[in-house]
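Written below as structure tokens is the structure these notes are about.
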Amino acid sequence: MGESRRVLFNSLTFVVFFAIVVALHSAPLPWRVKKFNLLIASYLFYAAWNPPFVILLWISTAVDWQVARWIHRSTDAGRRRFFLILSMATNLGILGYFKYGEFLLQNFSTLMESIGITYQAPEWNIILPIGISFYTFQTMAYSLDVYLKRSEPTKSLLDFSLFVTFFPQLVAGPIVRPTQLIPQFAEPKTATAPQFYWGLGLITIGLFEKIVLADSLLAPAADAVFGANGSLAALDAWTGVLAFSGQIFFDFSGYSTIAIGTALCLGFALPNNFLYPYAAIGFSDFWRRWHISLSTWLRDYLYIPIGGNKKGSARTYVNLMITMLLGGLWHGASWTFVVWGGLHGLYLGAERLLRENVPAQEWFKSLWFKIAMGLVTYFLVNITWVFFRSQSFDQAKTMLGSMFGLAPEPQKVIYLNEIIPTVIVIGAMVTTHWLLRLRSMEDVIAVTPKWLIGVIWAIMLFSLVITQGSDSAFIYFQF
Amino acid sequence: MPSSTSNSKPSLARPFDDEIVRRPVPTRPWKGLALTALAATIVLTFGWELYWRAHDHIPGDFKNTPALWAQERRKVEGDATVLIGSSRIFFDTDLDVWEEAIGVRPIQLALEGTSPEPFLANLAADEGFRGTVIVGVAVPLLFTGYVYRDDVLKYVGTESPSQRIDNVLSMQLEKVFAFLDEQTRPKRMWFLTALPLRKGMEQRVDVRKLEVLKADRNTEIWSRLMEDEAYRDLAKYVWAEFLRRQAPPPGPNGEPPPPMPDEAINAVILNMKASINKIRARGGDVAFVRMPYEGVYTAAEDQGFPRERFWDRLVAETDSASVTWHDYRELQGYYLPEWSHLAPREAERYTRALVPILYEQIEKKEAERGANE
């Protein structure tokens, strides 16, 4: 994964920025002024990465604000559809140009070659605006909600602009629904003291996940294994894949946790994005626990509108597969991401088939069966991560061959220095997910001894200090 | 309660569950917990700082980051004097002494383990620069094109405003805290910890801390290399292992590996020449220097990269002023604790000796070129 241009939570700049934002938000100013402050802060947050790309936020904001009003006013179905297409074309056009332009050109070129026409695609040096997939989906949800008559447009352009741009979740989610966030801007919001301190606690947890667990303990194994050329020993391949499964979880869950904590420090509530996903039993359970804001977005704005499970059994499988393939493509402009999504579609389809055809047995409820199914789920998820992390199908093929001992002349590329932390962290992660699978973090904190919370908090803070920050941007920034 | 993005009216239809988000806050004495955790962190950090100060780390030793390099790169304009090359010119040149000697403070852009070729090309492409480039040449690095710090030019082209601010803030902390150093990071220490080896693997070898940087990248080697014999021996072991592992393999019957083909040497010289011509066309100039080495490097460089095939051709074919320590008595006999870099006081003495020779050579070469035009 390349180093992105940083506008990070895990940076000193953010510490100063956030302190100023909190100070202004706590000042005795009118609510409207505070909202302006938050809006300006959000634009600055985005501009701190690449100033000109703020224009994209403005375009998305202006188009969806106006389109939703037109859709709401219009009673003619054709006009309503036209306005919705205008919104979709704008958002998906921006997304397509910046994110998928090169991919489309390359595939067009390959297609031409396959029919004997030589086409040299022009050089495509377009920078991918960070978080573009997140905020375009968020704004599209607004127009879609109004079109589907799920909600009315808001009357405040300021509230809507803040909904599109709200800095805690702007660049990597959670993808917040209009109904979840816009109403929160209507009334003055300032964090209570417990909210503020718990928010700081969440920020600490998120930073610890990202900087200590993902970057310091797991990235070395994942990077060494996926950065190696050729066949690997099975131990190396498995260590690398398992390390990546933890790295991507802690990286992304870390970001979401920081986003939730940051918003809470300002008095706003954002939804959970992860719920101990590696304790999932089956894939419908997995997608209720992994990147929840995306999976529910895809369910509500893609799977259900194309028919969901209401058009017969065969169509249900097709709809599932379409949803997951597009979900894969959402992550990146590469066929490896599409295959990642396709595998999840296959898994979901297979699970559905089994549920429909295998009668429930009493022993399905036993703990050991659940653990076995949980481990099978985690195993299959790891197979999908190979495609997600590999740079090409050749690499994915070599990696899978290596994992199952089928690779010729396997090499060892990692030392015990990488294997030991991976085993410990992954073991602890999967165990923790299992132990907490039916509980929330808040429930756990509520019954943990005070002294232990203090000790753990201090250890996490001290670890962040001595780790001296992060080596890389959040992986999900590139999506 | 209907779902609505408007607060004035209920929505028209609601096929979904209520989507109002609630974030419960566990009931705990949060203020006390936060202050306790903060106090404990401050105490632990103080202890950590004392530990690293007791191990020869000092505040004001800045991290050798792409952001710091970029900060210096931005200073390059007009008739500036710029140093590029690898660790020898980086650690062995004292900018204060240089400035004292001729009244010009060079900008230090050299990078450890890195060929100067792409950096000369970068300066050549900068139309606003028409000054003097002093290229420190470690012959094996230049002619193999090895670039250890390939992160730097990429970074400069994409540095964001927040990264620039981050560098400024980070430097304020580095002025105060000695423990802020790449080598003191637990991740780095764990990486270098010698654990039992898996069958068939060689022990990991990597360079330890060698240098201390000031805010403008004026650099000297770390005091521990002079004071701690075991650390010095470790540094020498690392260099010897690097050379052993990177040496081209012998032939099937144990015969020496074939020499670098002429085409490869020509290509490097041609690239350097192209950059030099661009800089000279704008009124600037380029000169080459070689800094001293000894120990395992003597055989590796003098036999592996014979002077006549590499250095002499480079300076002749680019028509450049040059100084190599081999040719001047004043530039020989210095103390190199780990065979490749000068001790700090020696670097001052060396710079004092080098600068007049170098500028004399530059003037002489300019006069020669003028006479030939």
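The values are calculated or read from the model by the stated rules, or taken from the named source; none is laboratory data. Note that the coordinates shown come from a computational prediction; the quantities given were computed from them, not determined experimentally. Cβ: placed from backbone, ideal geometry, glycine included. Neighbour counts: every protein chain shown. Surface accessibility is based on the protein's heavy atoms, side chains included, excluding ligands, DNA and RNA. Shrake-Rupley method; radii C 1.70, N 1.55, O 1.52, S 1.80 Å.
Conditions (1) away from chain A (no Cβ under 14 Å); (2) modelled with pLDDT of 95 or more; (3) on the phi < 0 side of the Ramachandran plot, marked per residue:
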| residue | (1), (2), (3) |
| --- | --- |
| B:Thr27 | no, no, yes |
| B:Ile42 | no, yes, yes |
| B:Ile58 | yes, yes, yes |
| B:Ala67 | no, no, yes |
| B:Phe91 | yes, yes, yes |
| B:Trp98 | yes, yes, yes |
| B:Leu109 | yes, yes, yes |
| B:Gly113 | yes, no, no |
Test: residue in region A:406-416 that is at pLDDT 90 or above and assigned to a helix (DSSP H, G or I): yes
In region B:173-193, residue surrounded by the most Cβ atoms within 10 Å (Cβ to Cβ) [restricted to those that are more than 9 Å from every other protein chain (Cβ to nearest Cβ) and free of Cβ contacts under 8 Å to residues at least 12 places away in the same chain]: B:Arg188
Inter-residue pairs, beta-carbon under 9 Å, first touching a residue at least 24 places away in the same chain (Cβ under 8 Å) and in region B:227-250, second assigned to a helix (DSSP H, G or I) and of a type in the set (Lys, Arg), 6+ apart: B:Arg232/B:Arg224
Neighbours by Cβ (under 7 Å, 6+ apart or cross-chain): first from region B:296-310, without any contact (Cβ under 8 Å) to a residue 60 or more places away in the chain; second assigned to a loop (DSSP other than H, G, I, E, B): B:Tyr297/B:Trp339; B:Tyr297/B:Ser340
Residue match in region A:83-103 (condition: at positive phi, assigned by TED's automatic domain parsing to the domain that holds A:Arg32 and not hydroxyl-bearing (Ser, Thr, Tyr)): no
Subset of region A:212-238 (residues that are facing another protein chain (nearest Cβ under 10 Å) and either small (Gly, Ala, Ser) or in contact with a Leu (Cβ under 8 Å, 6 or more places away or on another chain) (or both)): A:Val212, A:Ser216, A:Ala219, A:Ala233
First in region A:17-33 and without any contact (Cβ under 8 Å) to a residue 60 or more places away in the chain, second anywhere and among the charged types (D, E, K, R), Cβ under 9 Å, 6 or more apart: A:Leu24/A:Lys34; A:Ala27/A:Lys34
Count of region A:37-58 residues which are crowded, with 16+ Cβ neighbours inside 10 Å and more than 22 Å from the chain's Cα centre (by Cα): 5
Conditions (1) over 25 Å from A:Met399 (Cβ atoms); (2) touching a residue at least 12 places away in the same chain (Cβ under 8 Å); number of the one not met by A:Glu362: (2)
Some residue of region A:466-475 being free of Cβ contacts under 8 Å to residues at least 60 places away in the same chain, within 14 Å of chain B (Cβ to nearest Cβ) and in a helix (DSSP H, G or I): yes
Filter pass, A:Ile94 being without any contact (Cβ under 8 Å) to a residue 60 or more places away in the chain, under 28 Å from A:Thr257 (Cβ atoms), assigned to a helix (DSSP H, G or I) and not polar (S, T, N, Q): no
Answer from A:Gly454, A:Gly401, A:Gly405 - the residue that is touching a residue at least 60 places away in the same chain (Cβ under 8 Å) and open to solvent by less than 30 Å² (accessible area, probe 1.4 Å): A:Gly401
Residue match in region A:201-224 (condition: over 30 Å from A:Glu418 (Cβ atoms) and assigned by TED's automatic domain parsing to the domain that holds A:Gly454): yes
Test: B:Val207 is outside any loop (DSSP other than H, G, I, E, B) and surrounded by 13 or more Cβ atoms within 10 Å (Cβ to Cβ): no
When residues of region A:181-206 are limited to those that are farther than 18 Å from A:Trp31 by Cβ and open to solvent by less than 30 Å² (accessible area, probe 1.4 Å), the one nearest to the other protein chains (Cβ to nearest Cβ): A:Trp198
Helices (runs of 4 or more DSSP H) fully within region B:9-127 counting 2 or more residues that are open to solvent by 20 Å² or more (accessible area, probe 1.4 Å) and closer than 30 Å to A:Ala269 by Cβ: B:30-54
Pick from region B:161-172, criterion more than 7 Å from every other protein chain (Cβ to nearest Cβ) and out of contact with any Phe, Trp or Tyr (no Cβ under 9 Å at 6 or more places or on another chain), ranking: surrounded by the most Cβ atoms within 10 Å (Cβ to Cβ): B:Asn167
Residue check, B:Arg345 surrounded by fewer than 17 Cβ atoms within 10 Å (Cβ to Cβ), assigned to a loop (DSSP other than H, G, I, E, B) and of a type outside the set (Ser, Thr, Tyr): no
Cβ pairs under 7 Å, 6+ apart, first in region A:420-433 and within 14 Å of chain B (Cβ to nearest Cβ), second assigned to a helix (DSSP H, G or I) and hydroxyl-bearing (Ser, Thr, Tyr): A:Thr422/A:Thr239
Sole exception among (1) under 16 Å from B:Phe91 (Cα atoms); (2) open to solvent by 50 Å² or more (accessible area, probe 1.4 Å) for B:Gln332, by number: (1)
Residues within region B:220-242 that are out of contact with any Gly (no Cβ under 9 Å at 6 or more places or on another chain) and in a helix (DSSP H, G or I), tallied: 15
Count of residues meeting criterion [within 14 Å of chain A (Cβ to nearest Cβ) and open to solvent by 50 Å² or more (accessible area, probe 1.4 Å)] in region B:133-160: 7
Flag if A:Ile456 is farther than 25 Å from A:Ser334 by Cα and out of contact with any helix residue (DSSP H, G or I) (no Cβ under 6 Å at 6 or more places or on another chain): yes
Count - residues of region B:277-306 that are open to solvent by 30 Å² or more (accessible area, probe 1.4 Å), closer than 19 Å to B:Tyr237 by Cβ and in a helix (DSSP H, G or I): 4
Test: residue in region A:359-376 that is surrounded by 12 or more Cβ atoms within 10 Å (Cβ to Cβ), over 17 Å from A:Ile281 (Cα atoms) and modelled with pLDDT of 95 or more: no
